[in-house]
């Protein structure tokens, strides 16, 4: 019996997501990374640049899940309040981290390392730095909370640094069957297959493309043989219904 | 003095978002629609296809905000559990809605309107249908919760039907200044400008493009004159710092 998989939540911080200015892509990247690591992402939230909102969300999520990943709000400008909010959530002081300060000081020309840039070296007391290959400004980890940048390129580098330190589980395997039919036609057989294969999750995702209805059926589970058995049961059901279909990915 | 703006939250429902299979774009579309309507989007959440999780999130959000918009989980398949979860959240029964049943029955050929397709006519007691121009299967509204499809094309049509019924407020106006400099160089002047113009929100969004650092500064507010005054103050500050910049959008 394998260990229970670790659980995780994402907290995206930023007015620009809630105003519609920016399409968040960080959640999807973190979700894919966690799936490969076998960590179960259970929830994602977006809140604005508001300390009370950030504190409430961080505390709700860190109590409930093994890991929390935040993105956004750790730059040098006045609207970057994540580090202060995380310190408040943990009830600890915040101060300049000597190593972060040294790293940043080395990056700037004399006279350019101003007070606002120094803000990027402030972390809650007790936090460890999350260094990364793209930006000199680090993220940080405190308790089970990983605080990352919002700029996707920087966030990805931070996630790459964090990934090896997480408790890995058996990755979730999936296989996808593309079906040329509406969902309603196959829904009954699909429900039966799900009842018969309870160790996997069968998802049904309709799409319209080139004026045609179709469905992607995704079987997900941690046991490859069980995923394959459920996929074959679906294929047999589709053959019986004389519905065109094809296995498109298995990973 | 205008009325206080209505507040809103989004709840995205679906394992496919948390597994990383699907990049959510519905949140961004709803966010943009609400911004135009002058409704303040305060929070967004993503939960999986799990009744307890959906119930808890819906109840937390509907208590707190004027409107809640959900997407996903209202199709005909076994993993479409949103209608049942919403009924449970409101503590009401769920049953076939006669009008939805009639609309769907008219869509299918004789013999094709099977039990799974009929599931799409089930709504919590007391709910009103949200019809739309794309799909015969309706969404629904109960209390302050609007339940929409997950397929973006259908969700957009539902949002279009819902929008005129919402309490509109003064739309949030914004103007964007693109700056050829790192954030740290302008952060101090920017913080000063924000302190001097407290009726607007100034956001600073760094980017890397064509190997160059830059920042988009966004001034947002409901009073056009105040937005313009803050934008001019930022431009004056940038001129003083001899930093190249350009006004890129005002809307």
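Kindly check whether there is at least one residue in the range B:113-120 that is within 26 Å of residue B:22 (Cβ to Cβ), assigned by TED's automatic domain parsing to the domain that holds residue B:43 and assigned to a loop (DSSP other than H, G, I, E, B). No - not one qualifying residue is present in the range B:113-120. Only one of the numbered conditions (1) over 29 Å from residue B:6 (Cβ atoms); (2) in contact with a strand residue (DSSP E or B) (Cβ under 9 Å, 6 or more places away or on another chain) is not met by residue B:232, and that is (2). Only one entry of B:218, B:227 meets the criterion of being touching a strand residue (DSSP E or B) at 6+ places or on another chain (Cβ under 8 Å), surrounded by 14 or more Cβ atoms within 10 Å (Cβ to Cβ) and part of a strand (DSSP E or B), and that entry is B:218.
The set of residues in the range B:1-33 being touching a helix residue (DSSP H, G or I) at 6+ places or on another chain (Cβ under 9 Å), closer than 25 Å to residue B:220 by Cβ and without any contact (Cβ under 8 Å) to a residue 60 or more places away in the chain consists of B:24, B:27, B:28, B:31. Taken over the range B:160-215, residues that are in a strand (DSSP E or B) and either within 12 Å of chain A (Cβ to nearest Cβ) or in contact with a helix residue (DSSP H, G or I) (Cβ under 9 Å, 6 or more places away or on another chain) (or both) amount to 18.
Listed here are the residues, each with its yes/no results for (1) within 17 Å of the chain's Cα centre (by Cα); (2) under 27 Å from residue A:175 (Cα atoms); (3) more than 7 Å from chain A (Cβ to nearest Cβ).
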site	(1), (2), (3)
B:7	yes, no, yes
B:38	yes, no, yes
B:47	yes, yes, no
B:59	no, no, yes
B:70	yes, no, yes
B:80	no, yes, yes
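State whether the residues of the range B:95-109 include one that is in contact with a helix residue (DSSP H, G or I) (Cβ under 9 Å, 6 or more places away or on another chain), crowded, with 18+ Cβ neighbours inside 10 Å and assigned to a loop (DSSP other than H, G, I, E, B). So far as the range B:95-109 goes, yes, one or more of its residues are in contact with a helix residue (DSSP H, G or I) (Cβ under 9 Å, 6 or more places away or on another chain), crowded, with 18+ Cβ neighbours inside 10 Å and assigned to a loop (DSSP other than H, G, I, E, B).
For every residue, the table says whether it meets (1) in the same structural domain as residue A:32 (by TED's automatic domain parsing); (2) on the phi < 0 side of the Ramachandran plot; (3) more than 26 Å from the chain's Cα centre (by Cα); (4) in contact (Cβ under 8 Å) with a residue 24 or more places away in the chain.
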{"site": "A:151", "(1), (2), (3), (4)": "yes, yes, no, no"}
{"site": "A:180", "(1), (2), (3), (4)": "no, yes, yes, yes"}
{"site": "A:200", "(1), (2), (3), (4)": "no, yes, no, yes"}
{"site": "A:211", "(1), (2), (3), (4)": "no, no, yes, no"}
{"site": "A:220", "(1), (2), (3), (4)": "no, yes, no, yes"}
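The values are calculated or read from the model by the stated rules, or taken from the named source; none is laboratory data. Here the structure is a predicted model, which means the values were calculated and not measured. FYI the Cβ positions are ideal-geometry reconstructions off the backbone, even for glycines, and counts take in every protein chain you see.
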